[in-house]
Structures are given as structure tokens and as C-alpha cells.
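**Student:** Dropping a structure here in C-alpha cells format, bear with me for questions.
Values in this text are rule-based calculations from the coordinates and carry no lab data. As the structure is a computational prediction, the values presented were derived from the model and not from experiment. Virtual Cβ from ideal backbone geometry, glycine too; neighbours counted across all protein chains shown.
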Amino acid sequence: MSKSALVFASIFPQSTATHTTPTPQATPDLGFTVPGQPFGGPSPPSLRQTQSRKRGQNQPSSQTEGLTAAQHAVRRNLAWSTATQFLSLQGAPVPGGQARHADARRSSDVQEALAWLLLEDEVEDESQMGLKCVGLRKGSNGLLNWYFEEVKLHFLGTFKPQLDEEMGRIVDVTSAWASLANIATAFGAVEQMYMQPVTNHIAPILAAGGGVNDELELHDQSDTPASRLVQHFERNLHTLFTQSLDPKARHNALALVFRDAGQKLFRLDASASVVGQLPGPGSANDPSAVINQLKELLLALNEVGLAGDDAQRAFAAAVDRLMDDFVESWHVKVDWYRRCSVMPKLRRWVDEGLARYVSEVMSCIETKQWSDMAVTRLGRARVANLFDYVIRWDTSIGAILDLKEYIATPGARIHLSTNFSQQLQRRLLHAGATTIQILDTYIYVIRAFNELDPKGKDFETEQNISVEVAKEMLNPISDGSHEYDQDLDWGNMAWVPDPHDAGPDYKRSKSEDILSSLLSLYDREDFINELKNILGDHLLKSKNSEFEKEFQLLELFKIRLGDDKLQACEVMLHDVEDSKHINTAIHNDPVYAATTVAPEVSLSTQILSSYFWPPLREESFAVPAPVAQLQEAYESGFRALKDMRRLKWLQALGRVGVELELEDRKVELEVLPWQASVIYAFQDEEEGTDSAKRTVSELVETLEMDETLVRQAVAFWMGKLVLEEVAPDTYSVLEILPASATSTSAQEAAAAAAEAAGKAAAVKSPEDILMENMQMYRQFILGMLTNQGKMDVKRMHMMLKMVVPGGFGFGLDELRTLLQRMGIEGLVNGEGDSWSIVK
Amino acid sequence: MSAAAAVSSPTKAPQASQATSSNNTNVTKRLQSELMTLMMSPSPGISAFPNENDLLNWIATIEGPSETPYAGLTFKLSFKFPSTYPYTAPTVTFKTPIYHPNIDFSGRICLDILKEKWSAIYNVQSVLLSLQSLLGEPNNASPLNGQAAELWDKDPTEYKRLVLARHRDLSDEELQEEQ
């Protein structure tokens, strides 16, 4: 016996150990083990006798009734001997040889012995009662068992080595095809040889003698005891075949073949992807040829029982691989051009391609399972690159649509969200990403996920994750919030969310969801403050006197943020509206009209309830006399109108329309109040003198204006070619434009800078506040570091927020700048992010 | 500086803790304004600041007055404000080891204005100024540290040596532990 046969024997020790060779005819022996009962010991004859009697009452065939136990045993032994000798395979030919059991050789005594053993030998015991139920008699079973043992021995001794050799030849796809075909043929021949005695001799006897009278009579021809017996034997034989082959090798060979066939069928190999050309019908890759070849092979294998469960498993593995192949193949690349999902393609492939392939291979297979698997694979592949798709949102909608089908199960959702948040962590939420980037991505994420899941509920967790992390990233960057507000809210005045007159069930529009998500990113208070600042600035600068859009927006914000929170904004809007009416009223006042000294000067005022407005610029300076007069008159008019309330003028805010009449030209401009004041100061001179000269210090004095403002204004007018610098810090009006006069680039730059400065927000910016409160912050920082010792910036920031009156509205970065400045002055010492006082 | 510093024996005054929320806000307000004053009009040589997340616990710093044995040394103190502050005195202890007739080795201070003579008109700043002057003008009549009281007059050199021997600046870690 070969080694593998020994191994096989070690697994089935009893069967080989107890197998008997045919008993010699000459030695019938009553006292020995009952042949045909390899697994059981001899039973006491008396017991068998009683049992058979009991059974006999139900048995139509009562031939055995008359026999004594001894006679019975002798007869059995004789019959057994004859039958086994007849069926013995010893000396049977190797494969390819001639079948030994010719019909002619079935002598009458053999026939008799077989018939008796199969039909009459009613030896049963309790443990084998079950066999009755499947229509097999004890005798026939015993004989068949013996025969199967015989077959097994013969097979293992003769064919096994050849099979092993054949299996060993399988190294690649081609050899797998060939070897499997060979094995199928070989098994076919062997099976035929082994089955011959059963089909030719045993089955006919059983069919003739047993089935009809069987109490469990079955009408179906295929279910007669005889056919069942044959089937049983065949099954055993197939098991033997299957077991004789190395399961792993067999599995691999089959899987190879299946996968190869699939690849050829769907043209998944690389060569096809290059051109995608259809192979000619005759070639090896022709789909129909492939499928036929495979079917042939499978049918052959099925004949010998090799296409059973194991083959299904191999097939499953192959399909598994095929799916991967397909997902990775050129067929389902992200569709960047048509911007659509390739899911339909994938599904079509599964339904029409894979399913057909599968059903060709196995008649009963559920495609849904396969398609689910394929969808999962593609989904996972898409999830792996989800971040890339998200940041390329819109063009990547195909990928998102793919995912939409994937996330039908909770597991898939979890996979997607965990995976995606990992990607976010890795790729977005790092120190290098800017606020704008993060916000952009955030918007994309919301859009993409909206597309994925319009209800949006199930990704709340996911969004919360991003919100949480984004919050952390954003909070210190107050600049970021500034930019964002302007971009989203005021940069585009045409932007209006969807109507809100719909009921609560009305599906919110996507843009709104994004807005609310974004709103949730910011601290509500911070957001409202920022909104107030922007609105204030906007209102003061706005040239429109109608504020419909602003009111509209305010209403929308109210819905979102709550009425009470936006009270200040409302007051601000009403202020500007009321100002219009007050202006009209006062202008119509005869007292006011009378004080209009210079008819060309007119004044219109914005009356602001300073309590509600954000901190405003308060630089004060002397306005031109006519304006001052008007202001006085206006104030008294207002006092009369508004029950003695007083006005406090904010000279720096506002705009002035200026018309300059120079000797050779007219200049008309809309400028800022201090610019107007400065240019007005040049006019004050007596008529007839040379063009007035003013020095910066003079201007500072007469106008009671900040020097920086004066310089800014002068630079502005120089840029406009109205003033010229006649001596250092001394300027005069450029009455006549020199012929060659074009402003130099330096002047232009200065003017541009001045203009930019002029455009500076009417509302104090956080930077202004930082500079203003600098001294206080510095004291707090010094006090903190003196007493608490070394601290890192984060902790300092937290402490400042806690102890500084009115809060510390700046981020870590501003604090760092402040500390660095203090470090330069030698007050504090920084080590990385930790600071301590210099002792 | 002439802050009257009558000395009494140190008893740990149990702090009444009838902290109601309104009380707490009052304390917080008062302490916040005290801090603001301290920060914006600082007195030389003294400083104080609340601990992280706890406005009722402060760390203060006193620089030893010049021309005293403590010149050039820095001392850390802890202020614990009861919820009844300013009607009850804060508990003030030296954290930096100090050798002084009216301060024991665990940092407890014997100073009348922190005990029975406390009044709501005192504040962190005045307490710190009193303590600073106590360093230069100990009350040797009722000392907590008898040896120090004796040496103060008898052997200023030995006194100074002992002051320096006892003094040790707290590390940042130790300061954090205080919180």
C-alpha cells in the first residue's frame, strides 16, 4: 500500500482491518463470526432466532421460518463464499484492462447465492432496524458492504498512485484543465468497472425479489430499493474517489479552472483591457467555447462525483476571486466622464454575466447573494478612496452613487463611517490644513453624504465626528470664522435659502442643511457677535437706503438662531430705517433749514443706538465749519424731536461727497470724513494768496486729528493728484496739473494704501480690540506667569478666558503673537509652547 | 510701610460653608474685580492670580522687602477664599518654606487681620502688603517660631543664614500640585 493509502487506512481503520477475503467453500463453520458483519461481533443464534421470528410475522417471505439456526448459518456461509468469490476483485485488471465480470460468468449457483444473501437472509438486530426503513435488507447491505471494502482496497492499490501522479502534474491553469479531464475519464472507467457487478448482478436480483412486496412500497421507479441500493453504492464510490484525491489540490485545481473560465468569459485579463477587442469565435478565449469546455469537464466530473460540495466550494472561491478581479478590472473604473455610477454596470454583470456563468455551472444558485457580495466588494473599494471622491465632489458623483447602493446594510454604514473618519483624521484634520480647506471639505462631505443618504439621519454620528474635530480645529482660528461669515452670508447678497413657509415635515433643501451644519460648527454667541459686526459694517457702508435683503436675511437668521438672540441686529436695522425718517423730519424743520449757511453743504445722519451696535470707530477730529454748524442744528432739531435726547457724533463714520474746483479741473469724489476734513483745511486760506501750504503738524493741530489719519488722508489726496509735497511734510494744492503729470507709482501705491485704510471697517475689528486691550492682557499674562509659574499657551488661553473681564475673545495664535512680542521686550521667556516670567 | 500686624496664636478657623449660588456669584464678582485691580494697578513686589478653573483658590507671590533678611527672595502663598468672602477672611498660607517668627514650618501665618481683625474692607492686595511688611517687622511678642523671634534681635547674621537655609523656590511642578 502506498503511503497515502496507509494514511487513508489510518482514518478508516475498522473497515480495512475487518475486511474479509472470500471464505473458502470447503470450510463452512457454524461457530464463527457471521460473515458480512464486519463491524459487529457474532450474536447469539437464539436471539437472532427470536428476532427473526418476531419479524417473520410481518414478512411476506417466510422461507426462512423453517430453517434451524444452524442450517441457516451453513447456508449463509456457503452462499457468502460463493458470492464473495464471484464478486472478488482480486486479480482484476488495472485501468484500461478488460472488465472481468462478464455476464456469462454468472453461474447458477452464484445467482442462487446472491439471491439468497440479498433477499432471504433476514439477520437483523436492533441497531440495524433503521436499514429496513430505507428499504435495504440486512443481507444485501452486508454483501454490498463487503463488496465496497473490496472495491476500496482494489482502488487504493491499483488506481490511487496513478491519480496522485495525475494530480501532481497540475501546476498551472492549462495543466489543471487537462488533468481534471484525465481524472474524470479515469474515474469514469473505474466506476464503470466497479459498478458493473452491482448494476448487472445485485440490482436485478433485488429489483426482482424485494421491492414489490416491500411494506414501504414506493411508486417512484427511482426510489425502489434496488435503485436506491445502487445509488447508495455509487455515492460511496464517489466518496471514495473524492477522498482519494488530495482535497487541497483538488480544490485548487477546480478553482483554477473555474476562475480561468470566468476570466476568459468576462475578459478580465489584462490583455483584453488594453484594447477591449473581442476575440475571434475560434480562439481559445471565445466565451461560448470556454463555457462548453467547462461544461463538458464539469459533466464528466459530475459523473464520477467530483462536482459535489467540494466543487461548489471551489467554485465559490473562484467566484470570490473573480469578483475581486472584476472590481479591479477596467470594467468598473470610476466613471469620470459620464459622471454616473457604474453600479448598474456591476449589477448587470452580476445578473447577466456572473449569474449566467454561475447557473451554467450550478443550476441552482442564488444570484442575489453573489450580487450582494459583489456590491460589497465594490463598496469597500470605493470606501477606501472615499476621501478623494469627496474632495472632488461633483465630478466624483459616480463613486458616491456606487456607494449609495453599498450602504444598504448597517454593517456597511459602520464600515463607511469609521473608515471615512479615519481618512478625515489622516488626510484633513492635520496641522497643515487651512480652515478654508476644512470648511470646503466639510461642505463637500455634507453634499456627498446628502447624496448618499438624503434623509441624512443615519450619518448624524459621522457628521458629529467631523463637527467635533472641526470645531477643535476651527476655534482657535478666529480669522477663519470671519472669512467664512463673509463668504457665506454677506459676500453673496443674492443668496437666500429656500422658503420657510412650508410645514415642519417639508424636506429641507440641501443648502440649508449645509448651513445648519456649518452653523453648528460655531459657538452660537460667537457667531451672533460676528454677524452683528458684519451687519453693522455692512449697514454703515451701504449706499442703498433700502434694506429689504438685510431684513429678509435677518428673518432667516432669526428662524435659525432664535428671535431674542438677534435683537441687536434688529435694532441696528431699525436704526438705519428710522434715521431716514428722522432725516426727513429734521431737514423739513424751518430752524434747521435756516441754519443752512452754505447751500451746497447738506447733511444726512444715521442715528445709531450705540448700546446695540458693535464697538465703532471713534476717532474724533474737527469737521469743516459748515458741517459742524449743520451738525449743531441737526442736534437741536433732534433734541426737539426726540424729547431732549442727545446725539454723540461719530465723525469717523460716514461718507462725504466732495467736489473740488481747481483752476484747471474739477474733482468729484466720495471720500471718508477725515479725508474731506483734511482737504477742506487747504481751502480755508484767504482768496488770492498762493496755493495754501500746510504741514502735517499744522493739520494735526487744527483738525485735532490723529497724525496717522492725517498722513493717510494726505497720501490719499496726493494719489488723486490734488495735493503735492512741496517740502518734507509740507503740502499744497496742485491747482494746475503739470502737462507731464501722471502720478508716480509710489504715489499711486500710497494712495492705494490710503484707500485701503479708508475702507477699513467701520466696526472695530478684533485686531483693534486686541491692540486696545493689549496692556490689560499683558498685565494678566504677567500676573499669571508670576504666580502660576511656567504655563503652556493652551492653559494660559483657558485661564485668560476665565479671568479677563469681558472674556478673551482671541485664539491661541493671537496669544502666541502677544507672548512673542512680550518675549522680545524681555518680559517672558518661551520654550516651545511653554512660557515663563523672566526673573 | 506700616501695616499694623498684631499676632495671635494660629488657630485654624473653620470656614463657614453656607455657599449658595448667589453667594458664589458675589464672591466671583468680587474676586474678579480684585484681580482686575491687582492686574491694572499692581503694587511692586506683590502679585496674585487664580488657579486654573477655580477662582476661589489663588496663588500669590511676595518678594522679600529690601533691607530685610528676606531681600531678593520670592515667596509663594496660597489663598483659599470661603464662599462667604469678603465677610470671612481667606485662608492664607506660605507655600515656600520660610523662616520667620510668626510663620510656622507648615506655612501657617499668625496675623490678626487674617483672623479676628478681618474686615470686608481688606482685600488680596492689602493682605499681601501686610504680609510683605510682616516679613520686615515681625511681631516677636507672640511668636510661632520662638527661635526665630530670639535670633531676630540677638544674632541677625545667624538669622539671615537660617532664612537662606530654609528658603527654597518651588518648582513649577510643585506649583502645579498646589492646584
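**Student:** Ordered by residue, what ³J(HN,Hα) values in Hz, to whole numbers, does segment A:169-186 give under the Karplus form 6.51 cos²θ - 1.76 cosθ + 1.60, where θ = phi - 60° and Gly and Pro are x?
**Tutor:** Whole-Hz 3J(HN,Hα) from phi for segment A:169-186: 6, 6, 10, 9, 4, 4, 5, 5, 4, 5, 5, 4, 4, 4, 4, 4, 5, 4.
**Student:** What FRET efficiency would be calculated for the residue pair B:E173, A:A628, taking the C-beta separation as r and a Förster radius of 56 Å, to the nearest 0.05? Walk me through the intermediate numbers first.
**Tutor:** Values: r = 64 Å, r/R0 = 1.14.
My answer for the efficiency is 0.30.
**Student:** Also: With a Förster radius of 22 Å, plug the Cβ-Cβ distance of A:Q231 and A:S359 into 1/(1 + (r/R0)^6) and report the FRET value to the nearest 0.05. It would help to have the intermediate numbers written out before the result.
**Tutor:** Values: r = 25 Å, r/R0 = 1.15.
Efficiency computed from Cβ-Cβ geometry: 0.30.
**Student:** Connecting C-alpha atoms closer than 10 Å in a GNM of chain B, tell me which of B:T74, B:T88, B:T37 has the biggest fluctuation.
**Tutor:** The residue that fluctuates most here is B:T37.
**Student:** So, one more: How large is the helix-only mean residue ellipticity at 222 nm for chain B, computed as the sum of -39500 (n - 2.57) over DSSP H runs with n ≥ 4, divided by its residue count, in deg cm²/dmol to the nearest 500? Walk me through the numbers on the way to the answer.
**Tutor:** Values: 5 runs with 60 residues, N = 179.
My calculation for chain B gives -10500 deg cm²/dmol from helical runs alone.
**Student:** Please give the average number of partner chain Cβ atoms lying within 10 Å of the Cβ of each residue in B:37-47, rounded to a whole number. List each step's numbers first, then the result.
**Tutor:** Details: counts 0, 3, 13, 6, 1, 4, 0, 0, 0, 1, 8.
Across B:37-47, the average partner-chain Cβ count within 10 Å equals 3.
**Student:** Then there is this: Here are some pairs, A:K541/A:K580; A:K790/B:K29; A:K549/A:K642; B:K29/B:K80; A:K532/A:K642; A:K693/A:K720; which of them have Cα atoms lying more than 20 Å apart in this structure?
**Tutor:** As for pairs spanning more than 20 Å Cα to Cα, those are A:K790/B:K29; A:K549/A:K642; A:K532/A:K642.
**Student:** Hey, can you grab everything whose amide H is under 5 Å from the amide H of A:V342? Only 5+ residues off in sequence or another chain; H modelled, so Pro and N-termini drop out.
**Tutor:** A:D335, A:D402
**Student:** Follow-up. Pairs to check: A:K404/A:K558; A:K565/A:K648; A:K839/B:K154; B:K95/B:K115. Give those whose C-alpha atoms are more than 30 Å from each other in this structure. If you can, show how the numbers build up before the last one.
**Tutor:** Values: A:K404/A:K558 35 Å; A:K565/A:K648 27 Å; A:K839/B:K154 33 Å; B:K95/B:K115 19 Å.
Checking Cα-Cα distances, A:K404/A:K558; A:K839/B:K154 exceed 30 Å.
**Student:** Continuing with this model, one more query. A:T418 to A:D320: FRET efficiency via 1/(1 + (r/R0)^6), r the Cβ-Cβ distance, R0 22 Å, to the nearest 0.05? It would help to have the intermediate numbers written out before the result.
**Tutor:** Working: r = 24 Å, r/R0 = 1.08.
Working from the Cβ atoms, E equals 0.40.
**Student:** Average partner chain C-beta neighbours within 10 Å, per residue of B:60-67?
**Tutor:** Values: counts 3, 6, 0, 1, 0, 0, 0, 0.
Taking all residues of B:60-67 together, the mean is 1.
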